[in-house]
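Notes for the one structure printed next.
The values are calculated or read from the model by the stated rules, or taken from the named source; none is laboratory data. Model, not experiment: these values are computed from the prediction. Neighbour counts are summed over all protein chains in view; Cβ atoms, including those assigned to glycine, are modelled from backbone coordinates with ideal geometry.
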Amino acid sequence: MNNPLCHVRYLCIETGIQLNVTDNNTLAVIEINSPPVNAISQQLRAELLILFQSLASQDLHSVLLTCTGRTFVAGADIKEMDTEPLEPHLPELIATIVRFPKPVIAALHGTVLGGGLELALACDYRLAVSKTKLGLPEVNLGIIPGAGGTLRLMNLIGVKAAIEFACTGKPQNADEWLNTALIHKLVHKGDLTEQALSFCRQLTLTESKQNTEADFSIQGQYIDWDSTEKRVKRLAKGVEAPALLLNEIKAIYSLGLSFEHALKRQRRLFLQLRDSDQAKALRYAFFTEKKNQKLATSTSSTRTINTVGVVGAGNMGVGIARCFIDAGMDLIWIEQTEEALLRGMDNLRKGYQSKITKGHMTEQDLDDKMQLVKGSTVYDRLAPCDLVVEAAFEDLEVKKIIFKALDQHCKDSAILATNTSYLDINSIAKVTSRPDQVVGLHFFSPAHVMKLIEIVRAENTADDVIKTMLALGVKLRKYPVEVGVCFGFAANRMYTRYGREIQQMLLEGNSIVAIDEAMTSFGMAMGPLTVQDLSGIDIGYQARAKQADKPYDLGYFRPSASMVENGRLGRKTQAGFYQYLASGEKVESQEAQLLVDNEAKKLSIIPHRLTAEAIQQRAMLALVSEGLLIIDEGIVNDISLLDIIWLHGYGFPRFKGGPMYWGAKLGCADIDEKLQLLRHQYSADIWPEVTLSNLK
Ligand code: T1G
């Protein structure tokens, strides 16, 4: 604080809490400075509690609560959630603030989340810097607000709005809540603390204290509970907390419970969920993602990428171009013909138009974005590019021709990247005079939506190229994962192994529908056979055909092969593992099932029907086994990256953490026993020996 009238009364070095007093000792300012995000740890709670307790007996006009750094309190300290709850608990601190005899004012900025918002809601008034984000994201961690945040919001802004905050977990802009009981003043410019102090000084003692608990009143609002429940469940993607919280809210509403009673119930549910498997897995996912982002940006030896070239304006090319444009980078877009280029531009524009229609973008934004793009049919135009991404179709010879041209036309310092899912990047690099500048950038389709990007290190790729690409991945708002060269790299290699096990279980007499249902009830976004229909069964079929030296793969993919051989390529032919009606609706197909059964007969496979749980387990064991093999071979150097791959590349249920987390939870001994059994039942080619101790 720079106010000359202030005297520092108290400073705690460990928590960074500082108490200042001003205005002839009548205005106390408590400032929290606990980087990076002022998370409210046990120590912070204890310090704040003591401060409020000791200030209660002083002759004050008001107290201002504020934070330094990038944000107000962004929530409870998530790191503490794997231990027993530590005293003092947040509700105790909050009750002390609510009972505090003089008004308490919160000055908000940054991201006011979870326990941070609960703390702010305990105060009598809230000022916020314009565009401050307010949220109760607890449900994203598989828990619910544990210190009465939902109840206070119900009281302040109504049940409907409180449901939106607490059951969806989506943060909202403080500006939208100005002149409601949630936000009393917005600060558009100038110093927040200074303006908050003036606000405090203007408070008259008669109107100053609020009491949301005694005035707890939530009746009289119409809520369509059925449709609300459907929406909340849909957004929850299998996480249980949002629907459980909605049930609580409904009970409080319909039974007319007191604040005290309702808080007790919510606290009980919070503590129960805090220890649930879902919450543990979601915390693992949170910290694994943070670790990924930190590692990718932790190095300074990266090059500057300002101008990017993209070669190819097909589906993948459009998605990739959009990633760079959205990151505000200049783009030079190359296609073979004007016609193909215009088609690509048109598709790019259409993609943005649909955002405009939904109100997420303006025509001006579109113009600004299109200004970044320069199209051409000549490679010369790539000369200024710091990075060129080739996004032609999956054909090694085509890619080699393009790379020869890139080598000729791009500046020496340019990084040359190929977007490939399977092809050997070493052999692509070799056609250039600079194999150390060649790297793989494996985007997932649709490239502008999917958050995963594999950064493929070829034999000679230079370290600074990899580091630059990892940092670029984060700039593109993705999770970049460094992988080595092998067929399918890490992601598609694991996916192929998963698919192979699914095919084997099909051949063993588990029906198409049973398998898909087992995997969706496990939490996968889509059943594996529905996914194949959607992406085209012929894609994998052709990729496998190029791998004819790996016969173990081919034999087991007979169900998919027979679909392709019978013209059932998936949704695009209205028939695949399912049938598709003119309306687009997916229905079961006896014909497809018959084709699968015939293949099983031809291969004389003994039927082995499994329960849904056993199907899920076999599929997961296949992923764990292949993942461990990838680690053993050094293709990926950190096992948690394999979970990032599945969370962001294949719609793996976040509340299960990822396949390797799933394996670690089951435990090495259990996994070992199960893999040995499978090795014995099938073969060591399919279920090879792996280093189980890497599961952690
Ligand atoms: N606890 C502990 N560490 C946290 C944290 C938290 N709540 N939030 C962030 N971090 C760490 C993060 O791991 C990273 O560490 C660093 O801060 C910077 O984060 C009682 C029970 C706040 C929007 O869910 O959404 O309150 O990698 O890289 O992009 O009812 O972090 O540097 O070592 O993400 O600017 C509710 C979660 C908790 C907020 C900042 N709160 N955090 O984003 O930086 S539950 C949340 C975020 C709760 C109450 C309940 C974001 C952010 P490191 P960052 P950022």
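Before moving on, here are some points about what is shown:
- Total residues in segment 675-695, condition in contact (Cβ under 8 Å) with a residue 40 or more places away in the chain and under 30 Å from LEU141 (Cβ atoms): 3
- Listed conditions (1) crowded, with 18+ Cβ neighbours inside 10 Å; (2) closer than 23 Å to ALA236 by Cβ; (3) near the ligand (Cβ under 10 Å from one of its atoms) are all met by GLY110, apart from (2).
- Residue match in segment 537-544 (condition: assigned to a loop (DSSP other than H, G, I, E, B) and among the polar types (S, T, N, Q)): no
- Among the conditions (1) within 22 Å of ILE97 (Cα to Cα); (2) within 12 Å of the ligand (Cβ to nearest atom), the only one that GLY142 does not satisfy is (1).
- Taken together, ALA285, ALA313 contain a single residue that is among the small types (Gly, Ala, Ser), assigned to a helix (DSSP H, G or I) and buried (at least 16 other Cβ atoms within 10 Å of the Cβ), which is ALA285.
- Residue tally, condition in contact with a Leu (Cβ under 9 Å, 6 or more places away or on another chain) and surrounded by fewer than 18 Cβ atoms within 10 Å (Cβ to Cβ), over segment 331-358: 4
- Within segment 60-104, considering residues that are more than 12 Å from the ligand (Cβ to nearest atom), under 34 Å from the mean Cα position of the chain (by Cα) and among the β-branched types (Val, Ile, Thr), the one surrounded by the most Cβ atoms within 10 Å (Cβ to Cβ): THR66
- Contact annotation: no residue pair with Cβ atoms under 8 Å, 6 or more positions apart or on different chains, pairs a residue in segment 344-373 that is outside the structural domain of ASN315 (by TED's automatic domain parsing) with a partner that is at pLDDT 95 or above and acidic (Asp, Glu).
- Evaluation of GLU459 against (1) farther than 16 Å from ALA417 by Cα; (2) surrounded by fewer than 17 Cβ atoms within 10 Å (Cβ to Cβ) (one fails), failing number: (1)
- Of all residues assigned to segment 291-303, at least one qualifies as being assigned to a helix (DSSP H, G or I), within 16 Å of the ligand (Cβ to nearest atom) and touching a Phe, Trp or Tyr at 6+ places or on another chain (Cβ under 6 Å).
- Check on ALA120, away from the ligand (no atom under 14 Å from the Cβ), touching a residue at least 24 places away in the same chain (Cβ under 8 Å), over 16 Å from SER217 (Cα atoms) and crowded, with 24+ Cβ neighbours inside 10 Å: no
- Here is the figure for segment 472-487: residues that are assigned to a loop (DSSP other than H, G, I, E, B) and more than 14 Å from the chain's Cα centre (by Cα) total 3.
- Of LYS160, LYS170, all but one fail to be within 13 Å of the ligand (Cβ to nearest atom) and either among the aliphatic types (A, V, I, L, M) or in contact (Cβ under 8 Å) with a residue 12 or more places away in the chain (or both); the exception is LYS170.
- Residue match in segment 40-52 (condition: within 27 Å of the chain's Cα centre (by Cα), within 20 Å of GLU194 (Cβ to Cβ) and near the ligand (Cβ under 8 Å from one of its atoms)): no
- Listed by position, the helices (runs of 4 or more DSSP H) inside segment 113-211 whose residues that are polar (S, T, N, Q) number at least 3 are 192-202.
- Among the candidates LEU245, LEU282, the residue that is within 16 Å of the ligand (Cβ to nearest atom), over 23 Å from TRP646 (Cα atoms) and modelled with pLDDT of 95 or more is uniquely LEU245.
- A Cβ distance below 9 Å, combined with a sequence gap of six or more or placement on separate chains, defines the contacts here; from segment 488-511, residues that are within 11 Å of ARG618 (Cα to Cα) reach residues that are of a type in the set (Lys, Arg) in the pairs GLU501/ARG618; ILE502/ARG618; GLN504/ARG618; MET505/ARG618.
- Evaluation of TYR422 against (1) among the aromatic types (Phe, Trp, Tyr); (2) out of contact with any Phe, Trp or Tyr (no Cβ under 8 Å at 6 or more places or on another chain); (3) under 22 Å from GLY314 (Cβ atoms) (one fails), failing number: (2)
- Residues located in segment 575-622, provided they are in a strand (DSSP E or B) and surrounded by fewer than 11 Cβ atoms within 10 Å (Cβ to Cβ): VAL587
- Residue pairs meeting the criteria (Cβ under 7 Å; at least 6 apart or on separate chains; first without any contact (Cβ under 8 Å) to a residue 24 or more places away in the chain, in segment 576-600; second in a loop (DSSP other than H, G, I, E, B) and hydroxyl-bearing (Ser, Thr, Tyr)): GLN579/SER589; VAL587/TYR578
- Hits in segment 654-674 - residues which are buried (at least 20 other Cβ atoms within 10 Å of the Cβ) and either among the hydrophobic types (A, V, I, L, M, F, W, C) or farther than 13 Å from LEU623 by Cβ (or both): ARG654, PHE655, MET660, TRP662, ALA664, ILE671
- The listed residues are ALA592, ALA514, ALA582, ALA548, and the only one of them that is over 21 Å from ALA622 (Cβ atoms) and modelled with pLDDT of 95 or more turns out to be ALA592.
- The residue pairs whose first member lies in segment 460-480 and is touching a residue at least 12 places away in the same chain (Cβ under 8 Å), whose second member is small (Gly, Ala, Ser) and part of a loop (DSSP other than H, G, I, E, B), and whose beta carbons are closer than 7 Å, counting only pairs six or more residues apart or on different chains, are ASP464/SER301; LYS467/SER301; LYS475/ALA327; LEU476/ALA327.
- Consider segment 43-59 and keep the residues that are buried (at least 18 other Cβ atoms within 10 Å of the Cβ) and not hydrophobic (A, V, I, L, M, F, W, C). The one that is farthest from SER276 (Cα to Cα) is GLU47.
Yes/no per residue for (1) at pLDDT 95 or above; (2) small (Gly, Ala, Ser); (3) part of a loop (DSSP other than H, G, I, E, B):
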residue: GLN221; (1), (2), (3): no, no, yes
residue: LYS230; (1), (2), (3): yes, no, no
residue: LYS233; (1), (2), (3): yes, no, no
residue: ILE252; (1), (2), (3): no, no, no
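- Here ILE13 passes the criteria (1) out of contact with any helix residue (DSSP H, G or I) (no Cβ under 8 Å at 6 or more places or on another chain); (2) under 20 Å from ILE144 (Cα atoms) except the one numbered (2).
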